[in-house]
Every structure is written in C-alpha cells, then in structure tokens.
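Student: Below is one structure. I have some questions about it.
The values are calculated or read from the model by the stated rules, or taken from the named source; none is laboratory data. The shown structure was predicted, so the numbers you read here are calculated from the model rather than taken from an experiment. Methodologically, a virtual Cβ is constructed for each residue, glycine included, from the backbone with ideal geometry; neighbour enumeration extends over all protein chains shown. Side chains are part of the model used for accessible areas, which takes the heavy atoms of the whole protein and leaves out ligands, DNA and RNA. Shrake-Rupley method; radii C 1.70, N 1.55, O 1.52, S 1.80 Å.
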2 protein chains.
Amino acid sequence: MASPSTAGPGRGRPRDPAIDAAVLAATRRLLEEVGFAGTTVQEVSRRSGIHPPGIYRRWPSRLALIEDAAFGDLAAVDVPPTGDLAADLRAFVAAYAATFDAPACRAAIPGLLAAYGADAQPPADMWAHLSVRPQFFAILAASEHVDPALDPDVAFEVLLSLVLARLLIPPVSTADRPAALVVDVLLRILRPPGR
Amino acid sequence: MASPSTAGPGRGRPRDPAIDAAVLAATRRLLEEVGFAGTTVQEVSRRSGIHPPGIYRRWPSRLALIEDAAFGDLAAVDVPPTGDLAADLRAFVAAYAATFDAPACRAAIPGLLAAYGADAQPPADMWAHLSVRPQFFAILAASEHVDPALDPDVAFEVLLSLVLARLLIPPVSTADRPAALVVDVLLRILRPPGR
C-alpha cells in the first residue's frame with residue numbers, strides 16, 4: 001500500500017505525521033463505533049478536524065483510507081526467522097492474525113469485500129501484504145523442515161484464507177484457538193514427504 | 001438448511017414444488033442481474049408471479065430465500081467414497097466449488113457476509129453444509145492415507161476457507177487451477193506422519 005507515512009521525497013512538500021495519525025485514528029474510531037457504511041470522509045473530517053481536501057491529498061479515496069486504517073498495522077509485523085519453524089510460525093501467525101482481529105479491521109472487512117465485489121478494484125498491494133509476505137517466506141527458507149516442492153505462495157494463501165474465513169463466518173471446526181489451528185495446518189502443509 | 005423441498009409431513013399442506021422452483025429461479029436471476037441489494041422479496045414476487053405471502057410461507061426471511069437460492073445446489077453433491085483419496089477429493093472439491101462459483105452464488109456471498117456481520121445471524125446450517133460434510137468425512141474415513149490424529153473438521157475448514165477466499169479477493173498464489181490447489185493442500189494436511 002502506498003502508505004502516506006512511507007511516501008518518499010518527490011511527492012510534494014513533507015507531510016505532517018501527526019495529521020496522518022489523527023485521520024487514521026478518527027477512521028478507526030468511526031469503523032468501531034458506526035461501522036463501514038458510516039465511515040465517510042466527511043465524518044472522518046469532522047472527527048479529526050482535518051478538512052476533506054487535506055484527507056484526499058493523503059489518500060486517493062475513501063476505500064484507500066479505510067484500507068490503511070484497517071491494515072496499516074501489518075507494516076509493523078516484524079518476526080525475523082530463527083530456524084525454529086514452529087516457533088517462528090507461532091509468532092508470525094499471532095502478529096498477522098492480531099491485525100485482522102482488531103475491532104476496526106473486523107468492522108471494515110465485510111464492507112471492503114462488498115465494495116471489491118461490486119465495482120471497486122482491490123488495491124494492488126491488498127491489505128499491505130507486500131510488507132509481510134517476504135517475512136513469511138524468509139521463515140520458510142530458514143527451516144530445514146519445509147518441503148522444497150511446495151510453492152510458498154500456497155502456504156500464504158492458506159494462512160490468509162483461514163484467518164479471513166474465521167472473521168466472516170462461524171468457525172467450522174470446534175478448535176477454539178484459531179492461531180494454533182493455523183500453525184498446525186501450516187506445519188502439515190510444509191512437511192517434507194517421509195517426515 | 002430447512003429447505004422447503006425437503007420439508008416433511010406435519011408442516012402444513014403439501015407444497016407445490018413448481019412454486020418453490022419458480023421462486024428460486026427468479027431469485028437466482030435477480031442475484032445475477034441486479035445483485036444482492038436489488039434482490040428483494042417484492043422483486044422476486046414480481047418476477048415469479050408468486051405473491052409475497054406465498055414466498056414468506058416458504059422462506060422465513062429474504063436472507064433465508066437468498067441462502068437457499070445460492071447454496072441449494074450443495075444438496076445435490078453426491079460423491080460416494082471409493083477408497084482412492086486423491087480421486088475422491090478431486091470429485092468432491094470440484095462439485096463443492098462449482099456451487100460457490102455459480103454466478104448467483106458469487107453475487108450473493110458478499111451481501112450475505114455483510115448481513116451476518118451487521119446483525120443477522122447465519123442460519124444454523126449455514127450454506128447447507130450439513131448435507132455435504134458427512135460425505136467429506138466418509139471420503140476421509142474410507143482411505144488408509146489419512147492421519148487418524150487429524151480432526152476432520154480442520155480439513156473441512158481449510159476447504160471452505162480456501163474456496164471462500166478465492167471468491168472474495170484476488171488469488172494470493174499464482175495457481176490458476178484453484179480446485180487442484182485445494183486438493184493438493186488437503187492431501188498434504190491429511191498425510192500421516194512418515195509418508
């Protein structure tokens with residue numbers, strides 16, 4: 001995601017990070033309190049005190065703003081590989097799922113999905129995954145217990161699908177610790193033949 | 001799902017299956033043509049020629065009608081186990097994913113998810129899964145290549161999550177044959193240790 005806080009030079013005058021933070025905080029509060037439909041740029045402006053043109057200078061659209069408020073925390077996920085696959089996956093899955101589980105993110109997801117399905121295009125770096133996928137792949141690469149024949153993208157797709165479905169529909173299995181379930185599934189998928 | 005076509009005796013006078021079929025067909029056409037929001041009982045009534053009270057006698061709510069129109073085909077999935085795990089899973093996943101991939105179902109899912117997230121409760125037998133899960137479990141039970149330590153519900157949760165996510169967001173992996181990807185993932189999860 002072209003997050004405003006990571007916009008480099010050449011994109012105009014330097015931005016005030018305090019303004020970005022105020023707008024994102026107001027957006028998160030609105031998502032929690034009134035939901036996706038009520039989280040409009042006008043209402044974000046009223047809550048944050050930043051005029052709509054200032055908001056649109058930072059985010060090209062209402063959806064881009066909501067995306068950033070919901071998934072910006074993914075940029076903070078930082079799980080360097082230790083070589084202990086199970087431990088690394090536990091740490092990564094916990095940090096990854098925590099972003100999705102935050103109230104503002106839970107409130108945003110069904111509305112974002114409906115908007116994508118209707119007409120809006122998902123952003124190229126949907127849900128800031130560009131920042132976390134390399135970490136996930138590094139964790140896999142650091143372990144000797146990963147089947148080299150497995151496409152790591154497939155493992156990431158399973159991770160994202162399980163986390164997303166748990167937020168959208170009642171759990172299918174009775175496992176009440178979703179992160180442990182995801183880690184167990186990933187370890188099974190990654191296991192080399194004969195192990 | 002308490003599908004009207006399977007309602008037994010004791011639920012009032014016998015129903016006319018032709019009326020059920022006409023209402024469901026009109027609902028599917030509306031979902032495809034105007035989407036979830038425009039698929040109202042009033043519009044279904046206009047298209048099918050069945051008065052709204054007749055529709056509400058068969059389905060308790062608009063959401064129940066849309067659920068039945070979108071997922072009723074799951075009741076027709078019929079994949080008896082042969083003992084060949086990979087072949088059985090290929091047949092089952094193809095039939096299961098085909099229901100989700102139908103245009104009316106694709107159109108219904110984001111709206112249903114948003115409704116569940118807002119206030120509606122998903123039906124007890126969400127998406128008619130009660131009818132297909134026993135078949136899935138029978139396929140697993142008929143094979144000697146399934147880890148007995150694996151909770152079969154977990155495998156079903158992976159299946160549902162992968163199929164659902166593929167409909168909602170752009171695919172994470174580049175695999176362009178989603179059914180083959182799902183079968184490969186399931187075989188990896190089900191594999192006993194040492195194989």
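Student: If you take the beta carbon distance between A:A86 and B:A86 as r and set R0 to 30 Å, what does 1/(1 + (r/R0)^6) give as a FRET efficiency, to the nearest 0.05?
Tutor: With R0 = 30 Å, the Cβ-Cβ based efficiency is 0.65.
Student: So, one more: Ordered shortest first, which distances in nm separate the 7 Å Cα→C-beta label point of B:E144 from those of the other copies?
Tutor: Here the equivalent label points are 3.2 nm apart from this one.
Student: Chains A and B: buried accessible surface, both sides, probe 1.4 Å, rounded to 100 Å²? Don't skip to the end; give the middle numbers.
Tutor: Numbers: alone 10430 and 10430 Å², together 17720 Å².
That pair hides around 3100 Å² of surface in total.
Student: I would also like to ask the following. Principal axes first, then extents: for the Cα atoms of region A:46-195, list largest minus smallest coordinate on each axis, whole Å, largest first.
Tutor: 60, 31, 26
Student: On to the next question. How much length, in nm to one decimal, is gained on full extension between B:E33 and B:R57, taken as 0.36 nm per residue of separation minus their Cα-Cα distance?
Tutor: Taking B:E33 through B:R57 to full extension adds about 6.1 nm, to one decimal.
Student: For region A:115-166 and region B:82-154, what is the separation of their Cα centres, given in Å?
Tutor: 22
Student: Please compute the contact order of chain B in relative form: average sequence separation of alpha-carbon pairs under 8 Å and at least six residues apart, divided by the residue count, as a percent. Spell out each step's value before the answer.
Tutor: Working: 183 pairs, mean separation 46.5, N = 195.
Relative contact order, chain B: 24 percent.
Student: Could you give me D for the protein assembly as shown, from Stokes-Einstein at 4 °C and 1.567 mPa s, where the hydrodynamic radius is the Kirkwood radius over C-alpha pairs? Units µm² s⁻¹, please.
Tutor: Translational D for this selection: 57 µm²/s.
Student: While we're on this one: Between the chain alone and the structure with every protein chain in place, find the residues of region A:117-156 that drop at least 40 Å² of accessible area; heavy atoms, 1.4 Å probe.
Tutor: A:V154
Student: Now for a different question. Once the label point is placed 7 Å from Cα along Cβ, list for A:D78 the distances to the corresponding points in the other copies, in nm, shortest first.
Tutor: Here A:D78 shows inter-copy label distances of 5.9 nm.
Student: Ignoring ligands and nucleic acids, what accessible area does A:H145 show with a 1.4 Å probe (Å², nearest 10)?
Tutor: A:H145 has an accessible surface of roughly 100 Å² with all protein chains in place.
Student: Scale the Cα Rg of region A:65-119 by the rule-of-thumb value 2.2 N^0.38 Å and send over the ratio, two decimals.
Tutor: Rounded to two decimals, the normalised Rg is 1.38.
Student: Treating the point 7 Å from Cα along Cα-beta-carbon as the label, what are the nm separations from B:D16 to the other copies, to one decimal?
Tutor: 7.0
Student: Subtract the Cα-Cα distance of B:A149 and B:A76 from 0.36 nm times their separation in residues, and report this length gain in nm to one decimal.
Tutor: 23.3 nm
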